[in-house]
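Bear in mind these aren't lab numbers, they're just calculated from the coordinates by the rules spelled out. Since this is a predicted model, take the numbers as computed values, not measurements. In this analysis, Cβ positions are derived from the backbone assuming ideal geometry, glycine residues included, and neighbour counts consider all displayed protein chains.
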């Protein structure tokens, strides 16, 4: 299985809780980014609110940036707690040992 794959099941109850918390975080980041981009788009209709719209776009972009960063942090947590470096490497290179 590949790294960052949904096919990699959490192994312990703690992993399940961590995975669920990060899924909620991802959804919140997506919703936040969408709201900020929609708000920014609406604010761009008026010249007097264009600066506020630009700020909304910037904040929405930060939300989009936070999503892959949080996925990376989740993988680091799994590596440090239960799965270990070798298992993470094995997931990243399936079939490499058979060659």
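Observations on the structure shown:
- Stretch gain in nm, segment residue 51-residue 34, where the contour uses 0.36 nm per residue and the Cα spacing is subtracted: 4.3 nm
- Residue 58/residue 14 FRET efficiency (R0 41 Å; Cβ-Cβ; nearest 0.05): 0.70
- Remark: spin-label model distance residue 25-residue 76 equals 1.0 nm, labels positioned 7 Å along the Cα→Cβ axis.
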